[in-house]
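Chemist: One structure is given below, represented as structure tokens, and several questions about it will come after.
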Amino acid sequence: MTLERTLIDSHCHLDPKNFAEGSEPALGRARQSGVGAFVCIGVGGLAEAQYACALAERERDVVATVGVHPHDAAQNDPQLEASLLSLATQDQVVAIGEIGLDFHYDHAPRGTQKAVFRRYVRLARQLKKPVVIHTRNAPSETLEILESENARDVGGVIHCFSEDVAFARRVLDLGFMVSFSGIVTFKRAEAIQEVARWVGADSYLVETDSPYLAPVPKRGKPNEPAFLVHTAAFVAQLRGQSLDQVAADTTRNARRLFGKQLVLD
Ligand SMILES: [Zn+2]
Ligand SMILES: [Zn+2]
């Protein structure tokens, strides 16, 4: 597989909890595989958010996000919110997220998830930064909050897209993008694959969501940004396009969404 263009991993978790050897070796392998920039998601607690910001400050091809994952919504309090807000004002923090609703695992009460999700959409609007959205088993509730909180003012992406064309259409109507993870390569992902064929060239990204959900043919292994090329190649095949075309489109889209801090060598 040869790749002339650079890919951007629009969503990866690189903190030490996930990469015991540190993130540098994984970043090195990814760069050699044609991944030229990384959006490191700082969720799970203040330590993870601080890690993402520090990594983005140190590595010129990494940018960060900070937020409260729906799984952790019950841990949100004014002190954490103030700390995340002060991190989020830094230049290398390009978005708020991942935030959203997860009614599959229900790790936090649904009412709490909704309230915290709303708070962070408001914070993103205040900071004029886009939002990275995690949504599972809560499509209508997620759209309702994004619409009523005017998230279209800042834009954003539905990461690890796992819904259907009808949902994707409403997401695009909001001015949002969708992002495909390794899930799109799975056998039973017909609905997601249909979205990958359907979506316009200006409205999608690719991601690994490392260390989770490695794409075929790496399925079952811990995922890492170097594997992004497999997902991008699969999407290219679905769309009947070259890998270079998918790389060019998704890179342009990621820079439009997250800004010029996404430096490519
Ligand atoms: Zn997620
Ligand atoms: Zn994630």
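Chemist: Quick one, can you get me the convex hull of the C-alpha atoms of region 1-104 expressed as volume per residue in Å³?
Modeler: On the way: hull volume 12.2 nm³, N = 104.
In region 1-104, the Cα convex hull volume per residue is 118 Å³.
Chemist: So if R0 is 25 Å, what FRET efficiency would Glu194 and Asp153 give, r being the distance between their Cβ atoms, rounded to the nearest 0.05? All intermediate terms of the calculation are to be shown ahead of the outcome.
Modeler: Numbers: r = 30 Å, r/R0 = 1.18.
For R0 = 25 Å, the calculated efficiency reads 0.25.
Chemist: Once label points are set 7 Å from the Cα along Cα→Cβ at both Gln241 and Val216, what is their separation, rounded to one decimal in nm?
Modeler: Those two pseudo-labels are separated by 2.1 nm.
Chemist: If the chain between Glu24 and Gln90 were fully stretched, how many nm would it gain, using 0.36 nm times the residue separation less the Cα-Cα distance? Spell out each step's value before the answer.
Modeler: On the way: separation 66, 0.36 × 66 = 23.76 nm, distance 2.22 nm.
That pair, Glu24 and Gln90, stretches by 21.5 nm at full extension.
Chemist: Show me the ranking of peptides 52-59, 217-224 by mean Cβ neighbours inside 10 Å, starting with the highest. Before the final figure, lay out the partial values.
Modeler: Working: 52-59: 19.8, 217-224: 15.8.
In decreasing order of mean packing, 52-59, 217-224 become 52-59, 217-224.
Chemist: Still on this structure, please answer the following. Checking the table Lys17/Lys128; Lys17/Lys218; Lys187/Lys218; Lys17/Lys260; Lys128/Lys260 against a 19 Å threshold on Cα-Cα, which pairs fail? Mind showing how you got there, number by number?
Modeler: Values: Lys17/Lys128 30 Å; Lys17/Lys218 21 Å; Lys187/Lys218 14 Å; Lys17/Lys260 29 Å; Lys128/Lys260 15 Å.
Distance filter (> 19 Å) returns Lys17/Lys128; Lys17/Lys218; Lys17/Lys260.
Chemist: Multiply the residue gap between Leu127 and Arg110 by 0.36 nm, knock off their C-alpha separation, and tell me the result in nm, one decimal place. Mind showing how you got there, number by number?
Modeler: Numbers: separation 17, 0.36 × 17 = 6.12 nm, distance 2.58 nm.
Here the segment from Leu127 to Arg110 would lengthen by 3.5 nm.
Chemist: OK, next. Which one, Val62, Val93, Val165, has the greatest fluctuation when you compute a Gaussian network model over the chain with C-alpha springs under 10 angstrom?
Modeler: Looking only at Val62, Val93, Val165, the largest GNM fluctuation is found for Val165.
Chemist: Compute log10 of I(q)/I(0) for the chain with the Debye formula, placing one identical point scatterer on every Cα and leaving out solvent, at q = 0.10, 0.14 Å⁻¹, to two decimals.
Modeler: Debye intensities relative to I(0), on a log10 scale: -0.43, -0.89.
Chemist: Name the most mobile residue of Ser203, Ser242, Ser181, meaning the one with the largest mean-square fluctuation, in a Gaussian network model of the chain with Cα contacts below 10 Å.
Modeler: Most flexible of the set in this elastic network: Ser242.
Chemist: Dividing the alpha-carbon radius of gyration of region 50-179 by 2.2 N^0.38 Å (N being the number of residues), what value is obtained? Intermediate values should be presented prior to the final figure.
Modeler: Values: Rg = 14.0 Å, N = 130, 2.2 N^0.38 = 14.0 Å.
Region 50-179 yields a ratio of 1.00.
Chemist: Would region 169-265 count as rounded, prolate or oblate if I go by the C-alpha gyration tensor, calling it rounded below 1.5 in a/c and otherwise prolate when a/b exceeds b/c, oblate otherwise?
Modeler: Working: a/c = 1.58, a/b = 1.18, b/c = 1.34.
Judged from the Cα gyration tensor, region 169-265 comes out oblate (a/c at least 1.5, b/c at or above a/b).
Chemist: Find how many whole Å separate the alpha carbon centroid of region 1-56 from the alpha carbon centroid of region 184-201.
Modeler: Their Cα centres are 24 Å away from one another.
Chemist: If you don't mind, there's one more thing I want to ask. Relative contact order for the chain using alpha-carbon pairs under 8 Å, separation at least 6, rounded to a whole percent?
Modeler: Numbers: 570 pairs, mean separation 55.7, N = 265.
Across the chain, relative contact order equals 21 percent.
Chemist: Taking the alpha-carbon distance from Lys114 and a cut-off under 14 Å, which aspartates and glutamates remain once sequence neighbours fewer than 8 residues away in the same chain are dropped?
Modeler: Cross-link targets: Asp72, Glu98, Asp102, Asp106, Glu141, Glu144, Glu147, Glu149.
Chemist: Run the numbers on region 159-234 and let me know its relative contact order in percent, using alpha-carbon pairs under 8 Å that are six or more apart. List each step's numbers first, then the result.
Modeler: Working: 127 pairs, mean separation 22.7, N = 76.
Relative contact order of region 159-234: 30 percent.
Chemist: For region 34-126, which chymotrypsin sites (Phe, Trp or Tyr not before Pro) are both in a DSSP coil and crowded by at most 10 other Cβ atoms within 10 Å? Can you show the working numbers first?
Modeler: Values: sites: Phe38, Tyr51, Phe103, Tyr105, Phe117, Tyr120; in loops: Phe103, Tyr105.
Here the sparse-neighbourhood loop sites are Tyr105.
Chemist: Also, quick follow-up: Can you find, among Ser181, Pro130, Phe161, the residue sitting farthest towards the positive end of the charge dipole of region 123-181, where Lys and Arg contribute +1 and Asp and Glu -1 at Cβ?
Modeler: Of the listed residues, the answer is Pro130.
Chemist: Let me ask something else about it. If you take the square roots of the eigenvalues of the alpha-carbon gyration tensor of region 45-90 and sort them as a ≥ b ≥ c, do you get rounded (a/c under 1.5), prolate (a/b over b/c) or oblate? Could the numbers behind the result be given before it?
Modeler: Details: a/c = 2.82, a/b = 1.90, b/c = 1.48.
Cα axes put region 45-90 in the prolate bin.
Only the coordinates and a few stated rules stand behind these numbers; no lab work does. Source: prediction; values computed, not measured. Cβ: placed from backbone, ideal geometry, glycine included. Neighbour counts: every protein chain shown.
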